[in-house]
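Asks: Dropping the structure in here first, questions after.
Each reported figure results from applying straightforward, stated rules to the coordinates on display, with no laboratory input. None of the values given here were measured: they were computed from a predicted structure. In this analysis, Cβ positions are derived from the backbone assuming ideal geometry, glycine residues included, and neighbour counts consider all displayed protein chains.
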Amino acid sequence: MRRADLSVDATKLYKSHVELLQAWERTKEYWKDDNSQSFEDEHIAPIGPFVKLLLDASNHLNEIFRHAERDLASPGDD
């Protein structure tokens, strides 16, 4: 049976978020007005907590999958 593993997708999400933040930092070198700050406050900053929440949930689900795989591999062993 193929084991479910969310770590690859979680890694992609993390790397994409890092790339976004790096690109935003480069953009801020040239875009330095009130609209820039509003954009950051409304669109960039809120992403971080959601990414953390998704990564934490992914790690938790991977742990559940590991336990389920172990339990299904040896049923009846308590």
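Asks: Scanning the stretch 45-71 for residues that are more than 10 Å from the chain's Cα centre (by Cα) and of a type in the set (Asp, Glu), which turns out farthest from Lys28 (Cα to Cα)?
Replies: Asp71
Asks: Right, next: Tally up the residues in the stretch 33-47 that are surrounded by 10 or more Cβ atoms within 10 Å (Cβ to Cβ) and either part of a helix (DSSP H, G or I) or basic (Lys, Arg) (or both), please.
Replies: Of the residues in the stretch 33-47, 9 are surrounded by 10 or more Cβ atoms within 10 Å (Cβ to Cβ) and either part of a helix (DSSP H, G or I) or basic (Lys, Arg) (or both).
Asks: Looking at Lys32, Lys28, Lys12, which is the one that is of a type outside the set (S, T, N, Q) and closer than 21 Å to Ala57 by Cβ?
Replies: Working: Lys32 fails: closer than 21 Å to Ala57 by Cβ; Lys28 fails: closer than 21 Å to Ala57 by Cβ.
The unique qualifying residue is Lys12.
Asks: So, of the residues in the stretch 1-24 that are exposed (fewer than 10 other Cβ atoms within 10 Å of the Cβ) and free of Cβ contacts under 8 Å to residues at least 60 places away in the same chain, which turns out to be farthest from Ala73 (Cα to Cα)? Explain how you work it out, then say what you get.
Replies: Initial filter on the stretch 1-24 (exposed (fewer than 10 other Cβ atoms within 10 Å of the Cβ)): 1-3, 8.
Cutting the leftovers down to free of Cβ contacts under 8 Å to residues at least 60 places away in the same chain gives us 2, 8.
Working: Arg2: 12, Val8: 23 Å.
Among those that are exposed (fewer than 10 other Cβ atoms within 10 Å of the Cβ) and free of Cβ contacts under 8 Å to residues at least 60 places away in the same chain, it is Val8.
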